[in-house]
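Step one of this worksheet: look at the structure below.
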Amino acid sequence: MPLDEARTRLSGLAVFRKGEGALVGGRFVLESDMTWAALLSLEGAEEFVGHARRLRWEFHVRGRDNLALTERYGDGVLPWIADRVDRNGMLHNVPWCVLPCLLASGAEQAYEIAARVRGVTESIDGGLFSPHHQDVEVLCQWITRHPERGHRLLAERAAAEDEIAQETIRTLHSTDPRGTTHRLTAAVGAAATEALLDRLALVTRSLPAAIQAALDAAPQVEAPPSDPLMIAELDEYSADFDFPIWDNTNYFCAAMRMTGFINPGGTDGLVFQSLVTGLGEENVRLELHRFGFGMTSGTIWDADSEILDEDEAGEIQRARSAGTVRLPNGHARVDLARDPDFGDHLGPLETLMLRLTDSRELCDRTFLSAEQLKEPLGLPAEARPLFTLDEWRHPGAGEPASDSEDLCLAVEALRSRRAISASLTGTSRDVPLRDRIGIIGGWGEAW
């Protein structure tokens, strides 16, 4: 809104609250929406911080991962974010965009704020909190988002006997010892890293025998050096449910594909494709999930690729049959009938989705190729596909990615440039589908 209007609206305002709503231009707008618009319309960060500090925050903004503050004012909002951490180390994430904005900033000041955090609350009244000195989860999250600067700062502070930095290194090393060692070495050199790990009594143990054997059996690809994707990053997003999920009650996933990319001169990455329906939409589409590449990780919501629109999907539900289906890489003829394994647990549309991914040939027609993934995901032109897998053991909803030996293999394959052709477990999509049906039931209209 215009600057004068924003200043007038904020003048004398003491509380950021939900307030009453009204239709504005055909949209239902709350008092909080107007206040938020005013806060984002000021002359600069200093003026925003002045207003934000005097407000009592009694409501959240729209969108948990709202990054509008950093997009508008940059690192200038960090003094206010620092105020949101109390003397016990509790980050008062009200509004709930405070933490995402902190994690989005790569400034050294953001590291210092994250290092103070011992816990997070989204309670409006703050609640009660007993601090735990060694809770370094937020700092670990910041490090995985800013690995180059983060590991340098960790190494410098740990060498100066900073206990928080030392505990953070221990935590990251316990999840991904090879990735943490690599990142520290890139940041401060091999000698300093070796001395630091020795001081912390951290040993980078050998890989499990099965993973090492699978790597040794795969051809090695020559490519310029790159930074590794850390399994700790996958853990963060899988624990936060921003990860491809089989057992989600809000949508149905019929198949997944994982593609590993080496990215010379940058950071390696993984891309997951999920063939899904639901989540408020009646179509069939590929949802894309990106991790690594030095880019924002998680589900990339504006990059999905539609296979069947809602009308086409609705016709399949009504007719209980299908003919030739248009796919990203060709067509497929589908004769639709109840699945012999899942029967009435899955409706006609979901059964069609199974038929479109019954074989590697059909998967290649249904899923996007490595080159086709680059444009919608904004992947670097230099990124090269190293492997593609359709069968692996995937973590359940909220479980750490590092619990899957197959995902650990995928990360290690990228690091060692090994073009693996199969996972360790060879777990087909039927296994998580049976688990889903046993836990939360099937999906779709009955036959």
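The values are calculated or read from the model by the stated rules, or taken from the named source; none is laboratory data. Quantities reported herein were computed from a predicted structural model and do not represent experimental measurements. No Cβ is skipped: glycine too gets one built from the backbone with ideal geometry, and neighbour counts run over all protein chains shown. All accessible areas refer to the heavy atoms of the entire protein, side chains included, with ligands and DNA or RNA removed. Shrake-Rupley method; radii C 1.70, N 1.55, O 1.52, S 1.80 Å.
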Report the per residue volume, in Å³, of the convex hull enclosing the C-alpha atoms of segment 123-279. 181
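Using the heavy atoms of the protein chains and a 1.4 angstrom probe, tell me the accessible area per residue for the chain in square angstrom.
Using a 1.4 Å probe on heavy atoms only, each residue of the chain averages 45 Å².
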With all protein chains present, the chain has a carbon and sulfur share of its accessible area (1.4 Å probe) in percent of 48
May I have the extent of the alpha carbons of segment 223-364 along their three principal axes, as whole Å values ordered from largest to smallest? 52, 30, 28
So what does the Cα-only Debye profile of segment 359-417 read at q = 0.15 Å⁻¹, as log10 I(q)/I(0), no solvent term? -0.62
With +1 on each Lys and Arg Cβ and -1 on each Asp and Glu Cβ, how big is the dipole of segment 170-293 about its Cα centre, in debye rounded to the nearest 20? 300
Magnitude of the Cβ-charge dipole of the chain, K/R +1 and D/E -1, about the Cα centre, nearest 20 debye? 440
Isotropically averaged projected area of segment 131-213, using the convex hull of Cα atoms (one quarter of hull area), nm²: 5.9
Segment 261-342: radius of gyration and largest Cα-Cα distance (Dmax), Å: 16.5, 52
Taking only DSSP H segments of four or more residues, each worth -39500 (n - 2.57), what value at 222 nm results for the chain once the sum is divided by all its residues, to the nearest 500 deg cm²/dmol? -12000 deg cm²/dmol
Any idea what the alpha-carbon Rg over 2.2 N^0.38 Å comes to for segment 326-447? 1.22
Net charge, L356 excluded, C-beta distance under 14 Å - Lys, Arg +1, Asp, Glu -1: -1
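Please express the shape of segment 49-100 as an equivalent ellipsoid: the semi-axes are the square roots of 5 times the eigenvalues of the C-alpha gyration tensor, given largest first in whole angstrom.
In descending order the semi-axes read 16, 13, 11 Å.
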Putting +1 on Lys and Arg Cβ atoms and -1 on Asp and Glu Cβ atoms, find which of G260, S416, A381 reaches farthest to the positive end of the dipole of the chain. S416
Percentage of interatomic Cα-Cα distances in segment 1-138 larger than 19 Å: 51
Residues other than R418 with Cβ under 9 Å of its Cβ, Lys/Arg counted +1 and Asp/Glu -1, net out at 0
